[in-house]
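Asker: After the structure tokens below, expect a handful of questions from me.
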Amino acid sequence: MVEGSQLQEAQAISVVHKMLQQSFNLFDTAFSAAWDTTLLKQLHTGLLEQLADLDDCWQQVMGEEDSALGRTDPTQPVTLYFQGIHVYLNEKEYSDCAWEIVRMDIRRAFSLFINQLAR
């Protein structure tokens, strides 16, 4: 059995990994034509680097988390959040305004999550 703090760490790593992965997928498949392509490439590169840095740690804790949590998935809210973003963008026909709202909301979500980790 994994101790409570180790379990929380495993959950946090899984959530961060999922957030980075979903963000990369979102900005890789569709984006605003108004965006600077150089900045978009920098975003992709940064997300890939973060995923690569986190990947070894994530692989290590996945076994611990699976055995301790059983069927509970701490990343499910992240998946639902990004599904909602895709629905919203589709409804707004991927407008520049919709993308700006999504960009700000994802930034807010990362900030809130990081603040929770710092507590």
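Asker: Leaving ligands and nucleic acids out of the surface, order LYS41, LYS18 by accessible area at 1.4 Å, largest first.
Answerer: LYS41, LYS18
Asker: Continuing with the same structure: Given points 7 Å out from each Cα along the Cα-Cβ axis, report the LEU80 to ASP36 separation in nanometres with one decimal.
Answerer: Calculated label separation equals 3.7 nm.
The values are calculated or read from the model by the stated rules, or taken from the named source; none is laboratory data. Keep in mind it's a predicted model, so treat the numbers as computed, not measured. Cβ atoms come from the backbone with ideal geometry, glycine included; neighbour counts cover every protein chain shown. SASA here: full protein model, heavy atoms, side chains in, ligands and nucleic acids out. Shrake-Rupley method; radii C 1.70, N 1.55, O 1.52, S 1.80 Å.
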